[in-house]
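Encoded as structure tokens, the structure appears first; notes follow it.
The values are calculated or read from the model by the stated rules, or taken from the named source; none is laboratory data. Note that the structure is a prediction, hence the values are computed from the model and not measured.
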Amino acid sequence: LLLLGAMLALRRASGLRFAPLGARSLRPLATESYTERMDKTGRPVSPHVTIYKFPAAALSSITTRITGVMLTVGTSAIGAASLAGADVPALVSSCQLAAPALVPVAKVAITYPLTYHWLSAMRHAYWDWTASGLHIKTVRTTSLALFAGAGLLSLGFAAI
């Protein structure tokens, strides 16, 4: 309790902010950014993700998450429109009539997330059930195959 009182008195007198009580020493909290501190020391700031080349496995994982979100938002929007009383099949038909040139593009935009996410789920199920195919080279190869397979399937479905 005495230490706490001394710290509070020191804080009020100095006007500085200090680290929490659990810290090993009373050191002022940084008021400058990490980049400013590194500029003073001459050390470079770590590179940002914009200059980092992601491996195929990371891109595949990110794409799986993005397609999952896209599918969730899309199906939720269709469900909400149906619950609100919209005639979704009539809306689709009117869009087909209004812009027939965009129909193949719309088919690819719908089927790519579906096929990609489904193929990715199958790959993960295989990994979970067999615990094989988890070597870096195999994961890279199957990641590239996911992109290609989903693209080819999407184009095939769009041609129907």
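Go through region 79-96 and report how many residues are among the hydrophobic types (A, V, I, L, M, F, W, C) and under 15 Å from Ala109 (Cα atoms).
Residues that pass the stated criteria total 2.
Which numbered condition in (1) under 16 Å from Ala57 (Cα atoms); (2) over 24 Å from the mean Cα position of the chain (by Cα); (3) at pLDDT 95 or above; (4) not hydrophobic (A, V, I, L, M, F, W, C) is the only one that His117 fails?
With respect to (1) under 16 Å from Ala57 (Cα atoms); (2) over 24 Å from the mean Cα position of the chain (by Cα); (3) at pLDDT 95 or above; (4) not hydrophobic (A, V, I, L, M, F, W, C), His117 is out only on (2).
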